[in-house]
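See structure below.
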Amino acid sequence: QVQVVESGGGLVQPGGSLRLSCLISGNFFKISVMRWYRQAPGKQRELVAAVAAESDTRSYADPVKGRFLISRDDSKKTVILQMDSLKPEDTAVYYCSADVRERQTGPFYKYWGQGTQVTVSA
């Protein structure tokens, strides 16, 4: 059983920073791509940032480029989203996902966390 658990959300003033963490636990063979998504009230879930395992290639949505940084620590099975210069429009529930292969061979499956609330307000 694979579990994905986010932490680090909260309330912050505009211009402030937050650091989100995502821990992947359980019995599995390999993690490939890890992603952060967000969903604001009344809006669709959108991809915020992604990081690939072997290449460490990182990508960001245009609204967060230059302000957010995604990083991963494979030894700790953790992915971090450092969010700086936060704006009210960053307010959303942030979700972590991981593409996981449970055995040495076979497909990768995407697992989701339960989400963590980020509120940017004065």
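Determine, for the chain, the count of lysine pairs separated by eight or more sequence positions (or lying on different chains) whose alpha-carbon distance falls under 24 Å. For the chain, the number of qualifying lysine pairs is 9. Once backbone amide H atoms are built at 1.01 Å from N, S85 has no partners under 5 Å, excluding neighbours fewer than 5 places away on the same chain. Roughly how far apart, in whole Å, are the Cα centres of the stretch 55-94 and the stretch 1-34? One Cα centre to the other: 10 Å.
Taking the chain as a Gaussian network of alpha-carbon nodes connected by springs under 10 Å, the highest mean-square fluctuation of the residues D62, D99, D84 belongs to D62.
Take every DSSP beta bridge whose two residues both sit in the chain; close to 95 percent of them are antiparallel. Considering only R38, R19, R103, the Gaussian network model of the chain with Cα springs below 10 Å gives its largest mean-square fluctuation to R103.
Per residue, the solvent-accessible area of the stretch 1-114 (1.4 Å probe, heavy atoms of protein chains only, all protein chains present) comes to 56 Å².
Working note: Debye formula, equal point scatterers on the alpha-carbon atoms of the chain, no solvent; log10 I(q)/I(0) at q = 0.14, 0.16, 0.20 Å⁻¹ is -0.56, -0.71, -1.07.
Reducing the stretch 38-53 and the stretch 102-116 to their Cα centroids gives an inter-centroid distance of 17 Å. Applied to the stretch 51-65, the Karplus parametrisation 6.51 cos²θ - 1.76 cosθ + 1.60 on θ = phi - 60° returns per-residue 3J(HN,Hα) values of 9, 8, 6, 5, 8, 6, 5, 10, 9, 9, 6, 4, x, 10, 4 Hz, with x for Gly and Pro.
Evaluating 6.51 cos²θ - 1.76 cosθ + 1.60 at θ = phi - 60° for every residue in the stretch 105-122, the Karplus couplings come out as 10, x, x, 8, 10, 8, 10, 10, x, 8, x, 9, 7, 10, 10, 10, 7, 7 Hz, glycine and proline recorded as x.
The values are calculated or read from the model by the stated rules, or taken from the named source; none is laboratory data. Treat the numbers as computed from the prediction; the structure is a model and nothing was measured. Heavy atoms of the whole protein, side chains included, go into the accessibility calculation; ligands, DNA and RNA do not. Shrake-Rupley method; radii C 1.70, N 1.55, O 1.52, S 1.80 Å.
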